[in-house]
Amino acid sequence: MGLFNLYKPKEYKHRYIYYDPKKEASKEREKRMDESKTNADGTYKPTILKRGAFREMANQNKSMRKEQARSSNVRIFIILALLLAITYFLIK
């Protein structure tokens, strides 16, 4: 019965009453976001400065997606060629 059971003391799990790490981390993120939206003199700095910025960003993202798709297709072609070469040598 109690031959192999060793005594294990209860663990003490300390609950923080006045400190919430998640809340503090979110406050720190909010502070950094607020600092990034202001200039050195404390005035508000808009993130979109000119008309048509959304369209320019969409075009940049579109070209980036095309490049990623192209590189993905090249990788797939290379992997397929390697698999075909391996199967050819295994069959031969």
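Restricting attention to region 62-92, which residues are of a type in the set (Ser, Thr, Tyr) and within 24 Å of the chain's Cα centre (by Cα)? Scanning region 62-92 gives 63, 71, 72.
Listed here are the residues, each with its yes/no results for (1) at pLDDT 90 or above; (2) surrounded by fewer than 10 Cβ atoms within 10 Å (Cβ to Cβ); (3) touching a Lys or Arg at 6+ places or on another chain (Cβ under 7 Å).
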position: 27; (1), (2), (3): yes, no, no
position: 53; (1), (2), (3): no, no, no
position: 73; (1), (2), (3): yes, no, no
position: 78; (1), (2), (3): yes, no, no
position: 82; (1), (2), (3): yes, no, no
position: 90; (1), (2), (3): yes, yes, no
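Take the conditions at negative phi and at pLDDT 90 or above and apply them to residue 48. Does it pass? Spelling it out, it is not the case that residue 48 is at negative phi and at pLDDT 90 or above.
The values are calculated or read from the model by the stated rules, or taken from the named source; none is laboratory data. Just so we're clear, the structure is a prediction, and the values are computed from it rather than from any experiment. Positions of Cβ are generated from backbone atoms using ideal geometry, with glycine treated the same way; all protein chains shown enter the neighbour counts.
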